[in-house]
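Where a number appears in this text, it was derived from the coordinates with a stated rule and is not lab data. Since the structure is predicted, the reported quantities are computational estimates derived from the model, not experimental observations.
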Amino acid sequence: MDWQTRVTSLLGIKYPIIQGGLAYLAYADLAAAVSNAGGLGQITAMSLPNEEQLRSEIRKVRRMTNKPFGVNLAIGQHGRPYDHMLDVVLEEKVPVLSVTGGNPKNILSKARGENIKTLVLVAAKRQAVKAEELGADAVMVVGQEGGGHLGRGDIGTMVLTPYVQENVSIPVIASGGIVDGKGMMAAMALGAEGIEMGTRFIATTECVNAHVAYKQAILDAGEQSTVVIKRSLGAPARALRSPWTEEILKAEKLDLGYEQLKELISGKANQRYINEGNETAGFGWAGQGSARIKDISSVEEVIHLIIKEAEQIRSKWK
Ligand SMILES: Cc1cc2nc3c(=O)[nH]c(=O)nc-3n(C[C@H](O)[C@H](O)[C@H](O)COP(=O)(O)O)c2cc1C
């Protein structure tokens with residue numbers, strides 16, 4: 001079956017499946033595995049300590065695959081400068097850049113004229129329209145089912161995807177809660193021309209930096225196992241529910257503010273859980289789709305099964 005859409009043509013990939021930026025998890029092994037399996041893998045720039053590490057991670061991906069891949073740049077991280085990271089992405093001629101977490105204006109203007117495709121992650125129609133005006137090649141729309149940072153509006157993927165698609169002319173990639181072929185077909189029916197997944201790719205053998213305890217917690221999750229934290233800071237984000245996230249929510253209820261919360265929500269606390277497996281000393285982002293992930297497979301198997309299931313659904317409705 002033909003899976004060509006404007007997203008596959010734009011990115012030069014076989015299947016319209018994109019691996020989302022995954023802080024402290026998306027390095028060369030995962031990115032190359034996704035790209036080799038026909039999707040678009042990405043490395044997450046801001047998880048790396050400096051631009052030279054990013055350069056070497058980009059080169060590592062290139063040694064592992066000759067397929068297109070992307071770099072994800074989260075620009076809202078407490079004012080951490082990203083200019084040098086962006087320079088490396090452009091110098092290394094990375095095929096795709098995805099931007100999230102802030103105003104992409106400067107990045108998109110710097111990328112213009114370079115041979116790089118730009119994707120902007122949005123969670124509202126206004127942001128999508130703006131991204132299109134600024135010259136983004138496609139938008140990724142994240143609904144509130146998703147893992148990690150979300151929009152402030154609590155809008156689900158089911159409504160946000162067609163709402164955005166009806167208001168922009170560039171291709172829309174749906175994200176948030178998609179873990180299988182059913183989700184992929186639903187997204188395409190809603191007008192998306194591709195999907196982005198985060199949580200599903202954590203539960204894979206090639207996500208080597210995800211500790212087994214974190215992967216297991218995703219497998220064990222039910223529909224109530226995730227919770228939105230950081231809402232009081234205007235930066236809602238979905239994590240696995242745990243005593244640690246309950247602590248965060250308690251502090252948020254007391255309106256203690258960023259200074260009191262910063263240790264609890266820090267990147268270090270995140271890494272203690274997801275990289276080191278210390279569940280009582282940190283937290284891990286994950287989406288509601290965790291409830292439907294029941295195995296740790298290779299990336300190739302995950303993509304193969306998604307396509308197989310989606311094709312079965314397509315043929316059923318012919
Ligand atoms: C552990 C984790 C870390 C994430 N880190 C980033 C990030 O650094 N940059 C980014 O653009 N999105 C990040 N996201 C969001 C994902 O790219 C993607 O939009 C989201 O996971 C989609 O929802 P899903 O988890 O239901 O598939 C993260 C998500 C998770 C689960």
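As an exercise, take the mean of 1/r over every pair of distinct alpha carbons in segment 1-111, invert it, and state the Kirkwood radius in angstroms.
After inverting the mean inverse Cα-Cα distance, the result is 14.0 Å.
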Next on the checklist: If I require 24 Å or longer along the helix axis, counting alpha carbons, and a Kyte-Doolittle average no lower than -0.5, what helices from the chain are left? Use full DSSP H segments.
Outcome noted: 299-316
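Averaged over all directions, how much area does the convex hull of the C-alpha atoms of the chain cover when projected, in nm²? Don't skip to the end; give the middle numbers.
Values: hull surface 58.9 nm².
Averaged projected area of the chain's Cα convex hull equals 14.7 nm².
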Checklist outcome for this item: Between the alpha carbon centres of segment 146-219 and segment 1-56 the gap in Å comes to 14 Å
Checklist entry - Using modelled backbone amide H atoms (1.01 Å from N, in-plane), which distant-in-sequence or interchain residues come within less than 5 Å of I195's amide H? => result I17, I18, A174
